[in-house]
Each structure stands twice: as structure tokens, then as C-alpha cells.
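Input: a single structure, listed below in C-alpha cells.
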Amino acid sequence: MKRKKVVALTVAAALLVNGCSSMVKQTANNGCGKEGCTCECECCRGTVISESLQEDEEAIIVRDSEMMNLAESTEEGQITENSDLGSSETEEESTSLEGTASEATQQDTSGNEEESQQADNKKNEIAGLTEGEKKARRENQANYKKLRDSIYKQKNSKAKMDKINKVDKEIIANNSFDFSTKNIVFIGDSITEGITSSKDLSGMYISYVHYTDMYLNFNRTLNHGKGGRMFSVYGGEELSLCMNFDNVTNNESDIIVVFAGINDYIVEAENKRFGNPKDSLSSAGYCGTLRYFMKQLQEYYSDKEIFFVTPYNVERTSYATYSDYNGQPSLGDYVKVMKDMAAEYGFNVIDLYGTGFMDTTDDLIADGFLYDSLHPNDEGSRVLGEHIAAELSLYFSQK
């Protein structure tokens, strides 16, 4: 049976009719140039698909019907059900946690000045965009989002992760929102703190927060992550987010990102309680403490942009004895409560679990992105930071 062969990134590029890249000169037929004519216009960065993705375009097959409808001009061909966006990144492209501390320090020293220069360039670049250029970037982002949504539907695998990361980078490259005027606070546990990542020259862990900030260039970034933190009190009151609300939040932050919940799931406390997600008055168990935390956010920070990040899937099972639950709730049950409550309170969700992002139950993902069975290594922190940066850029650029 014949179906459309959709080369998704080629389609995405063809749909962008508002200009060419300021970084790449391209032959175009979109009004900026015609066949044989090189486009010289200075427009949005990222309009031209990156060379690495172009090399993979023949392998891109998108099943999503919406994307297929966009591909009216693509050639007919037999669809291959298990096609990939491309092979995984080479070892040279990946940053491994293995290696001596001195090597990590040398890399950090050489990279500090470059990152600072890149941040200044981003600030100046975004500030200098015209409204037409911003519109072109937003359209480009929207098409990459459609492509990524189709990738989310594929089976969780290392190849899928590599595809997502490539598209995340293109979304970031098309950012049109100036984050340099915004303050942000990241609230979370050891993953946010970055306890298994390398350290910078000041001795701070280089967690996903570092990469998110590096790509979006916030005015001020606070990392309020701490190992062991959870919403509930099973790790002690000092580690409970809802019991330390004033200490983990910041009233000068314009954006609040909360990435926690995995410790609530894996902790093996006695007489553990899951709680009732429908009970708006109870503060018992995971459901009660999560609701209490969200209530406080709504009461004190209703004027802020608030994001909850769901845990990615991990190969951990809690064997706690629940006093109010028949059997063991899954990590998916914990995630569902978070998503439902966030929707109830009007908060945004970055759903790692539901999209299969960094599903570490896959051995290749665990080996490539984890230091242990839970925490990201340097490469895991990088791709996680890029993904969250892409999500924030999409939200604010598309508003």
C-alpha cells in the first residue's frame, strides 16, 4: 500500500516563508530567492535545518497525520515502520562522566569564557530581532514542535532520545524570547542539585540548571535543589518541600520550576501513605503534601509563571507498606496525581514521564545518561537542561 513518505524536517523548512537564516546562506524559493539565487537576507537564526539533521532526513518517517497533511509536496513512497531520525550521537559528541577530575577542571576552565561570550551574544541577538524575525522563529519552532510530538509516539529507546535532543536544539536555536530580564528559581532534589555531575571552578555542581541557564541567559538563576528532598515528610521535616516553602521559593523570581517527586515514590518509610488526590482538605501522604505545596504557590505566587516537571521513568520500585493503598502505587500513579493537580491549579507541566524522555528502564539510556540507576551523569544533565530550555523557550516564545 502506498503512503506518503514524509521527510519531516524538509517539510518544516519548506513551510517557513518569512526569511532565511542570519547564520547560513541558503538557496531558497520562498520569496527571498529562487532556484540558483543565494539568499543574502539577515533574518531569523535557525530557519535553515542544521547539517546534522539534513544528513538524516531520508531516514525520517513521521506517522502523525497532521504532519503528513503538511507534506503535500513530498514524494510518494513505501513507509518503513521502524525508521529512525538518525543514528545516535558519536562518542566524540557525547560528554562522559568518566575521566579524571583534572580533565573536567580543564574543560571547565576553557569553557567558562566561551560560555560567557555565548550568553552575551544571545542577549544581543534576541534584543536585535525585528518583529518579522521573531514571527519567523515562532513559526519555525511550531513546526519543530509538531515533529517532536510525532517522535514522542515512538517506542522509548536511546534512538528516540537522540531524536528528541536534536529537535530540542533546533527549538532553542529558534528562541525569540528575551530571558535576560527574567529571574528564575529551580526547586528540587538531588537531580536539580546535580550531585553526580562535574563541578565548576567555584565548586558548584553543573546540573541541568546550568545548561538551561546557558542556553536561555536568565538575569538571575537560583538552584534550590537539595539531595533527599520530597513533598512529603518521610525524609524528615527539613527535607519536606511543603514544610520548607519559604526557604525553597523566592519572591523575586519571575519563573518557578519545580522538579521533584521521585523521592516520594522510592522512599521506603513505615506506614507510608499515598493520600487521596480528590481530598482538597487533607495534607496526608504524597497527595496531601503535594496539594499543600501547590496551594501555597497559588496563594503567594499567582503572578509568576510556574512549571512542574514530572520525574522521568526509572527502574526503581518502592517496597514500602502503605496504610491507605492496596498494593504498591506505580511511578505513573504518582505522575498522574502531579499532572492532574497542576492542571487544577493552572500550572504548566513539562512531562518527562509521559513523553518517554530519558526513560532509564532502557539499558542504553541508563548507560548513556545516568551515573547510577537514578541520577544523571554529565551527558544526562546536558540533554535534560536542553530539553527544559526548549520547553521554556516554546512556552514564552509562542505566547
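The values are calculated or read from the model by the stated rules, or taken from the named source; none is laboratory data. If you're wondering where the values come from, they're calculated on a predicted model, not measured in any experiment. With ideal geometry, Cβ positions are generated from the backbone for all residues, glycine too; neighbour counts draw on all protein chains shown.
Observations
- Of all residues assigned to region 281-299, none qualifies as being in a helix (DSSP H, G or I), aromatic (Phe, Trp, Tyr) and under 23 Å from Ser393 (Cβ atoms).
- Restricted to helices (runs of 4 or more DSSP H) entirely inside region 200-267, no element has at least 1 residues that are buried (at least 20 other Cβ atoms within 10 Å of the Cβ), in the same structural domain as Leu384 (by TED's automatic domain parsing) and modelled with pLDDT under 95.
- Number of positions in region 165-194 that are outside any loop (DSSP other than H, G, I, E, B) and not aliphatic (A, V, I, L, M): 14
- All of Ser150, Ser197 fail the test of being in the same structural domain as Ile388 (by TED's automatic domain parsing) and not in a strand (DSSP E or B), apart from Ser197.
- Residue that is modelled with the highest pLDDT, among those in region 311-350 that are part of a loop (DSSP other than H, G, I, E, B) and β-branched (Val, Ile, Thr): Val314
- Complete set of residues in region 351-386 that are assigned to a loop (DSSP other than H, G, I, E, B) and β-branched (Val, Ile, Thr): Thr360, Thr361
- Boolean, Ser302 is in the same structural domain as Asn251 (by TED's automatic domain parsing), at pLDDT 95 or above and in a helix (DSSP H, G or I): no
- Identity of the residue in region 158-185, basic (Lys, Arg) and within 15 Å of the chain's Cα centre (by Cα), that ends up surrounded by the most Cβ atoms within 10 Å (Cβ to Cβ): Lys163
- The set of residues in region 219-253 being aromatic (Phe, Trp, Tyr) and touching an Asp or Glu at 6+ places or on another chain (Cβ under 6 Å) consists of Phe231 alone.
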